[in-house]
Structure formats: structure tokens, C-alpha cells
1. Based on this model, can you work out whether residue A:45 counts as outside any strand (DSSP E or B) and within 14 Å of chain B (Cβ to nearest Cβ)?
2. Among all residue pairs at least 6 apart or on different chains, which show Cβ distances below 6 Å where the first residue, located in segment A:171-189, is at pLDDT below 90 and the second is not in a loop (DSSP other than H, G, I, E, B)?
3. Within the bounds of segment A:45-53, is there any residue that is away from ligand 2 (no atom under 16 Å from the Cβ) and surrounded by 15 or more Cβ atoms within 10 Å (Cβ to Cβ)?
4. Any residue in segment A:57-69 that is more than 7 Å from every other protein chain (Cβ to nearest Cβ), buried (at least 23 other Cβ atoms within 10 Å of the Cβ) and either in contact (Cβ under 8 Å) with a residue 60 or more places away in the chain or within 21 Å of residue B:212 (Cα to Cα) (or both)?
5. Considering A:161, A:210, which residue is in the same structural domain as residue A:5 (by TED's automatic domain parsing), within 16 Å of ligand 2 (Cβ to nearest atom) and closer than 28 Å to residue A:118 by Cβ?
6. Within segment A:77-88, is there a residue that is more than 17 Å from residue A:158 (Cβ to Cβ), part of a loop (DSSP other than H, G, I, E, B) and within 14 Å of chain B (Cβ to nearest Cβ)?
7. I want to confirm something. Restricting to segment A:117-163 and keeping residues that are within 16 Å of ligand 1 (Cβ to nearest atom) and closer than 23 Å to residue A:25 by Cα, which single residue is farthest from the other protein chains (Cβ to nearest Cβ)?
8. Read through the list (1) more than 16 Å from ligand 1 (Cβ to nearest atom); (2) within 11 Å of chain B (Cβ to nearest Cβ); (3) outside any helix (DSSP H, G or I), then give the number of the only condition that residue A:38 fails.
Ligand SMILES: Nc1ncnc2c1ncn2[C@@H]1O[C@H](COP(=O)(O)OP(=O)(O)OP(=O)(O)O)[C@@H](O)[C@H]1O
Ligand SMILES: [Mg+2]
């Protein structure tokens, strides 16, 4: 049984097809990589699943329940959490307070939420900055904080939108290790990364988007040699040097 | 850790001294002008704190709070004058009316972004002023005089010989409003409101139904504002649409909170303690010579705060506290190297990198 099942998902912005007939599923316990060049529609896909955009067409099922068009808060309550490509930390609140906001979803009492938040901060190695105002964090810590905050909602499925973009090599390695530990905890993840290199060793399966369409859905080893994928990325490289 | 415990103990000390001073105030200062000013400070502290619940914590700037104030004042007054029922009971009637109306106003307006919400609340305020001006049964534009009831008893909610009664009633109301704010700040709703203010999308992604929590906030805010409205009616013994539904009232509620510092417990009280004596002074001593002077002063204040100190006076206090605690941390850091390392690394980060992806 699939944890998440997406059928024929289409999102149109005026004349632009940001997502076109996307069919994909996520199985429990797996790490699914979602890659594609700039503007391929990865973030749009996230937004359609997590309720930030209503899909133009198609259906989304989560745990055998149809969640198409649900509001973001309802999707989160159902057990899907996400991070944002452009970080959205609660800037004037401390790191601990940020994570407590997430924890309150399952733990309405302050003392319980605090305990849960501290546990997550320990797990994500943010414990020693917990009293800092989050606006002052490094970009890497901000991304980690967003992850911690999402984890505090105790999701069954986690969508990470470019959690490793903009990090230096050391920070990237730390983030990769974190994703591995999350998987050991039994959390299913969909990782969006712009850079293929990061995804390949992590993902069990990779879906490639190009111009809003799925052009490949396979194990990493096969993706690396897929003609259409290489073409899409080469095309991008070509454009980039323009 | 230790420095935060110290500030905590300091806060309690300040609170206890303040409480003792406030309890003794009417015995220490017997001049009527001083007592009246103090009652107004306490009244405006309640109003500032009430406004702060939606305007400060949730960041939804309302310029229509005179609606809830006016509804509180009118409901208890009409119940008293028409049916001869105690204003204490009428006060709860006012709370119910204000809470219902706040939900009716809030529900559609919360969909409006930023400034449009403020504009919508101004419009709603004007609608209520016009409605009451034309409502004959409720006294029309002339307003309503409250019947004088002799016998200085709390149950009557009227005092004529001495102002002690009013003073202690509004002090108790302030204590309750402070307690409510304290509880909000420390519970889920307080965290949620701040999250909504900081980033509505992030809040929604964490499972927060933002419309529902904003509604809770405006309903709580309206309830305390209405209570203050009843107090005002009993204190002044005359209400009219032009006074209790005035836009200026709404602006002053907002200003009290903004001047002291929004989203804090102490801010609105500090704001009231500074603004109200100023307003009273200009009203009493300069009224004849310069009618709208306090409006000019308000305008200047709003400009100055928004340019130099958006955090209000509490923002200043926080900056000092932070400077103190980083100094203390530096001292600790000399011993614990890793923590120091962390601190430096994060200081080096700028917001420039935010959008990088
Ligand atoms: N709200 C919107 N309104 C109109 N067009 C949009 C909107 N959001 C995204 N788009 C467009 O949809 C297309 C897909 O964008 P999306 O952000 O999903 O791409 P992406 O794969 O996440 O790219 P990146 O790697 O740059 O993050 C782009 O052409 C973008 O301009
Ligand atoms: Mg994107």
C-alpha cells in the first residue's frame, strides 16, 4: 500500500503548465528524490500536495484518504509536514519557541510541547542554540530549524524543499547524515534537490521533472544513465552558459 | 541560565513594589486630579492590553476597537436605564454583544492582508458610530445620561463622595486583564498568535488554523475592551456615539500599546502610564488655546516610534537586556570554547543569504 498516491496532478498558472499529469506514489519508509532543472515544477508540486495551491486537476490520496485541495493546516494535521525552499523561520522567536509551535499540534499543554521540542532539538543538534533569536542563525541552522519544527508535528511523511541548497560541504554532509537518521526513525521523505549529486546516494528512488512533466521514475543508478534526464540537465547547462 | 533567573527575580520584585504602590495610591495621593489621572491610566492599561491581544500578539492592527468599547458601554447602560438591571450584570451582556460582533467583523476582515484589515476596521467603526447616532431608542446623537444612584456601594458601581471605589474596581480589572495576558502568553494560543504574526504560511504548514486563532484573539480582545467600556460609562456617567465610538478612541488604544511595545505584557501599561498623563495635561491646560494639539502630538509619536523604535519602549528594554546577557555570555564563553564558536559563527550570518537557493 502506498503512503501517498498522486494521480494525474495538473497545475496551471494562466497559460503556464507548472505541473502536468503527474502520477507518482510514495511507499512507507522510503526516501523519494524529486529532481529537475530550475522551473521544472518541483516546488509547485509540493505546494499542491501540502495545500498551498489548489491543483487544477487530479487527485491526491494519503493513507487511503483523499486530501486533494485540503488546507495546509489540515494536511499537516493529517501527518504531512514540509519545509520551504526560501526559509520561513519565525524570526523574532527563539529556536526553542519555533519548535514548540510545531510541537503544540500534538501536545496542547505547554510543558508537554516544551518537552517534545527539547527532544527534537537534541535530535537535530540545535540544543545549544535553543535560546537564540532565530533571525540570528546561519542559513544552515535556519534550514535545520525548519526541519526540526516540521518534525515536532510528528509527521508520517516529510517534504523537504531544497534542504541542502546554499550549504557548504561540511553542512551538506551534516544534513545528509540527518536525513539518514530520520529514515532510521521510520519517517518517509520526499526530498527536492536541484543538484543530482546530493540525491543519488540518499534516495531509494528518484523522480525527475522537466517542464512540469515526469520524465523518469527509477532507482538512482538507472536515472544517472537515463537519456531524457541527461538531455534535460544538459539543456539546462547549455542555457546557463548563455 | 543564571542571568535569566536574575531578571526573572527582578521582574517579580518590580511587580510586587508596583502592586504595593498601586494599592496604596489613593491614600498617598488624595488630590482629585491625580486620582482621576491614575484611574484613566489604569483604564487605558486595560484597553492597551486588550488591544494587544489581537493587535500585538496576532499582529492584526485594528483601528476599530472603539466598537467593542462602545458596545460594552452602551449595553450595560441601556440595560440599566431601560430595565433597571445592575451594570455588573449588564457588563457581561456587553461582553457577549462585543464578542459576537467581533467575530462577525473578524471573520471576513481576516482574509484581508495587512493594511486592508486596518482600513476595514476603521470603516466598521464609522458604521457603528453612524448607527448609534441614528438609533433613537438608544439616545441618538445626544447619548445617554446614567441615573445617579446614591449610597457608595460596590454593587451600584457608582461613587460620588470619593473615587476610591472606581480606583479599586479598575485596578482589579487591570489585574484580571494582566493575568489573562500572562496566561495567553504562556499557552498554545499565545505561541500560535505570535507564529501567525511572524509568518502566516509557516504557521499554516505547522497545522495552525490561522483564521480560527485570529478569531479567538479578537474575541478575547473584544471581551476585555467591553468590560472597560462598562467601567467608562459608570465612571463618566454619560455616553454618546461621538465619545465612545470615536475613531480617536481606537487610535489611542493602538497607540498606548505601540508606544509601550506590542506583544508584551508590560508594554501597554508603560504606554498608558506615559501617554495618558500627557493627553490629560494637554486636554486640561492647553484645551482653550490649542484644541487639536494632542492629535498633533499623537501623529508625531506614531511617526517617531515607527521610524526609530518599532519595538516600542519594551523594545529598548529588551535591547539593553540582550546587551547585558551577551556580555555575560562572552564571559562564560571564555571558559566554554564550543559555545563561543557557535556564537561567532551565527553572528557572521546575514540575511543576505536568506534567499539563496
Ligand atoms: N504562484 C505562481 N504564479 C505563477 N507562476 C508560478 C507560480 N509559482 C510557480 N510558478 C511558475 O511555475 C513554474 C514552476 O516553478 P517551481 O517553483 O515549481 O519550479 P521549481 O522546480 O521548484 O524550480 P527551482 O529549482 O527554481 O526551485 C515556473 O515557471 C514558475 O515561474
Ligand atoms: Mg523550487
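1. It is false that residue A:45 is outside any strand (DSSP E or B) and within 14 Å of chain B (Cβ to nearest Cβ).
2. That search, which allows pairs on different chains as well, returns A:171/A:140.
3. Yes.
4. No - not one qualifying residue is present in segment A:57-69.
5. A:161
6. There is at least one residue in segment A:77-88 that is more than 17 Å from residue A:158 (Cβ to Cβ), part of a loop (DSSP other than H, G, I, E, B) and within 14 Å of chain B (Cβ to nearest Cβ).
7. Among them, the one singled out is A:160.
8. So the condition that residue A:38 fails would be (1).
The values are calculated or read from the model by the stated rules, or taken from the named source; none is laboratory data. Predicted model only: the values in this text are computed from it and were never measured. Heads up, the Cβs are rebuilt from the backbone with ideal geometry, glycines too, and the neighbour counts pull from every protein chain shown.
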